[in-house]
Amino acid sequence: MTRELTRLAAEHLLLVVAATAAAAALGVPLGLFVARRRRLQQAVMTLVGALQTVPSLALFGLLLPLPLVGGVGVRTALVAMVVYALLPILRNTVVGVSGVDPSVREAATAMGMTPRQVLLQVELPLAAGVIVAGIRLAAVIGVGVATIGAAVGAGGLGTLIFRGLRMNDDRLLLTGAAPAAAMALLIDAWLAGLTRAIDARVLGRPRARALGAALTLSAAAAVALMTWGQLAHAGGAPSARPTTTGDVKRVIVGSKDFSEQVILGELLAQELEARGVEVVRRFELGGSLCHQALLSGELDVYPEYTGTAFTALLHHPPLTDPAEVYRRVTDEYRASFDLEVSAPLGFRNDFAILVRGEDARRLHLTTLSQAAAFAPTWQAGFGQDFMSRQDGYPGFARTYGLQFRAPPREMDLSLTYRALAERQVDLIAGDSTNGLIDALDLVALEDDRRYFPPYQAVFVARRRALAEVPALAAALAALGGALPTATMRRLNHEVDGDKRLPADVARAWRASRGALPAGRDAATREMIP
Amino acid sequence: MPDPTSQPLVELRDVMFRREGAERPVLDGVSLRLARGETIALLGPSGCGKTTLLRLVNGLLLPSAGEVLVEGRATTAWDPITLRRGIGYVLQDAGLFPHFSVARNVGLVPTLLGWAPARVAARVDELLELVGLPPRVFAERRPRELSGGERQRVGVARALAADPPLLLLDEPFGALDPLTRLALQREFLRLQTALGKSALFVTHDAREALLVGTRVVLLDEGRVLLDATPAEFLAADVPLARAFREMLDAPGQVAPEDAPSP
């Protein structure tokens, strides 16, 4: 844990430093350039200000599919962070330069300085304090934005925060959030010191030298932390690009950002490693990132659900026959995406409409039709996904004639379980395999009108990867039908409820089946969700 | 061939200057000749165009009509950087660079001209001595550690650093208390006598104009009302000249623009 924390903190700091440095390298010259050009300045500031107002998660989403700047990983996060850092740096540069005493500027010109000399010898030094204050603000904002970078696979402390949210684990959440907050405060204090040192130097105050020495020391300490953190996980650098380069025996396994997906990713990864295949793990990717990454060749394989593939990715209206959905997804994936769908793993992760166990027992509820009568006294809470998707809320409410007390509350899916247990809402749409169902004493109501389409778990793999690494097909075959719903729910509970590591849970389950042990202990070193 | 010494150092020929988009010109039909060794005091109320006139001389502004000649060459034909490095400039609030030491402020133009550091340092010491600021005490100070009078001395030293034949002074002592002002005016006269510079000295104080100027040029609303020796100025029958003269007798230092207009 400590080791991972160090690594994530170092990644985080590196992201912030790199993004802030890039934004400064871009924003300061741009600010100097537009400071004397009033009309251009207005246009540039408006544009950069508009970019700033795009919510960060939305910005990540917009960047993802773009070539060059997008994609899974550090690049997208860096670009988004630079966009956010630009405004304060640009604005402070303009303000700083405009704030230079006009008589000083006039004197400089009248003495025969060239415009360039006026800029570099007079305006820039006199504006330096204000410019650094802008960089300071940008860096502090960057610490916050970087946490969201975890959603696009950029790593950093956000990984722990998202994981903590998902697993309903406050301690884990704080393990990520507290160092991030501390980092923001430290960076802020450090740059505040730098601002003071610059002002002192510019205006000739005596303490400048001591302050400068203290700043240099602390900067050296930060660089040491980053270096150490990078070395700590040098073995499993996740940035390498595998099979596509012809570097054969290497497979990139992805997963979405919830425990079940990470467990499945681990299971496949260990299965591959047991067969001597080198594996790169790229877990916990948000939204439809996995699918996009598979199409762009940044992933080779990841776990998916047939219902999701059919409605959300292929954009078909929902069907209720599991066999037909599986057949059509398999055919269309092969034809349209050149992707192969594995044999079903055995369990289904359907939508499960959940209520508190005590309510179900008190009201003798087992089916959704029975529950419809109580809906007018209930508050529902759903993930954003459920509210908008084809097979989501509108059709569900229509099918069962549901009328809730108020419009359903939209919240992060991982928060709905907690909200239900804590009586903030009375009904949620969860996953049928979620370990929290048992852990929080929740009851899934039966979909007696068969509204929800089936979500059979499968792996989706690039056909090219299958051709290049024969062991991949064998590993997928070994997992076919191996995980009934009850098993998956138990494994999920071991992670979400018992707070065990997915890698350990996967290893224990494989051992219990007498499977080959993973070839090396790479799992613990590279990715310990 | 004209005798170079008889050629005026600065000459304005029927100069008009109008800001872009402005209706009235700031200067209109101004002609003026500054001979070598001469100090012209440009006297006038605020907004009469005194400062604009100075800025036309060092090429910070270019005339809308007419010509400004420095050493016989129109400012439009000069490389502005070369022109400015050859002219000393003193601003009202000194305009010292707050992030430079006194020595670096004074040595600025020689440094820009590419002098060797040792030569610059020697020149800075010499100038600080000249303006009465012992280098050992003042060289490494920052402008904010100086009094107003000391700052103006540094400003004068900076203007003299590269030994330019021409000084432009824009109300250099206007912001100082009367005692300091008098001391600096006397010192300026001493330097003028010793160094023989030509100067355009902007002021709105008649006493100062008569003290420092070999000629007094009275400006009002962008036009030259009077171009006279101090003696002629004292006798001139021009209303504004009379107004300025009254100030000489009045106690304190009230400039005409501060008094109710006639």
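Numbers below:
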{"item": "Residues of the stretch B:210-225 with amide N under 20 Å of the 7 Å Cα→Cβ point at B:Arg13", "result": "B:224"}
{"item": "Net dipole in debye of the stretch A:345-401 [+1 Lys, Arg Cβ; -1 Asp, Glu Cβ; about Cα centre; nearest 20]", "result": "100 debye"}
{"item": "At 0.692 mPa s and 37 °C, Stokes diffusion of the stretch B:83-239 via Kirkwood alpha-carbon radius, µm² per second", "result": "200 µm²/s"}
{"item": "Those residues of the stretch A:483-503 whose amide nitrogen sits under 17 Å from the label point placed on A:Asp438, 7 Å along Cα→Cβ", "result": "A:483-502"}
{"item": "For chain B, alpha-carbon Rg over 2.2 N^0.38 Å", "result": "1.01"}
{"item": "Which of A:Asp300, B:Asp93 has the fewest Cβ neighbours within 10 Å, and the rest in rising order", "result": "B:Asp93, A:Asp300"}
{"item": "Ranking of A:Leu217, B:Leu225 by count of other Cβ atoms within 10 Å, fewest first", "result": "A:Leu217, B:Leu225"}
{"item": "Exposure proxy ranking, count of Cβ atoms within 10 Å, fewest first, for A:Asp496, A:Asp169, A:Asp338", "result": "A:Asp338, A:Asp169, A:Asp496"}
{"item": "FRET E, pair A:Ala486, A:Ala182, Förster distance 41 Å, beta-carbon r, rounded to 0.05", "result": "0.45"}
{"item": "Contour excess over end-to-end distance, with Cα ends at A:Ser388 and A:Ala406 and 0.36 nm allotted per residue", "result": "4.7 nm"}
{"item": "Selection from A:Thr53, B:Gly132, A:Ala444 lying farthest towards where the dipole of the protein assembly as shown points positive, charges on Cβ", "result": "B:Gly132"}
{"item": "Kirkwood hydrodynamic radius of the protein assembly as shown, from inverse mean 1/r over distinct Cα pairs, in Å", "result": "32.6 Å"}
{"item": "Efficiency of FRET between A:Ala467 and A:Arg327 - r from beta-carbon atoms, R0 30 angstrom, step 0.05", "result": "0.85"}
{"item": "On Cα atoms only, tilt of A:485-496 relative to the major axis of chain A in degrees", "result": "30 degrees"}
{"item": "Distance (nanometres) between label positions extended 7 Å along Cα→Cβ at B:Ala22 and B:Glu71", "result": "2.9 nm"}
{"item": "5 angstrom amide H check on A:Trp378, placed H, neighbours 5+ away", "result": "A:Arg405"}
{"item": "Amide H contacts under 5 Å for A:Val280, placed H, 5+ residues apart", "result": "A:Val251, A:Ile252, A:Val253"}
{"item": "Rounded to 5, percent antiparallel among DSSP beta bridges of the protein assembly as shown", "result": "50 percent"}
{"item": "Kirkwood estimate for the stretch A:104-197, i.e. one over the average of 1/r between Cα atoms, Å", "result": "15.9 Å"}
{"item": "Label-zone membership for the stretch B:174-202, site B:Ser147, 7 angstrom Cα→C-beta point, backbone N under 18 Å", "result": "B:174-188"}
{"item": "Nearest-ten-degree value, helix A:38-53 long axis tilted from longest Cα axis of chain A", "result": "30 degrees"}
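None of the figures in this text is laboratory data; all of them are computed from the coordinates on show. Computed from a predicted model, the values in this text were never measured in an experiment. Here Cβ is always computed from backbone atoms with ideal geometry, including for glycine, and neighbour counts include all displayed protein chains.
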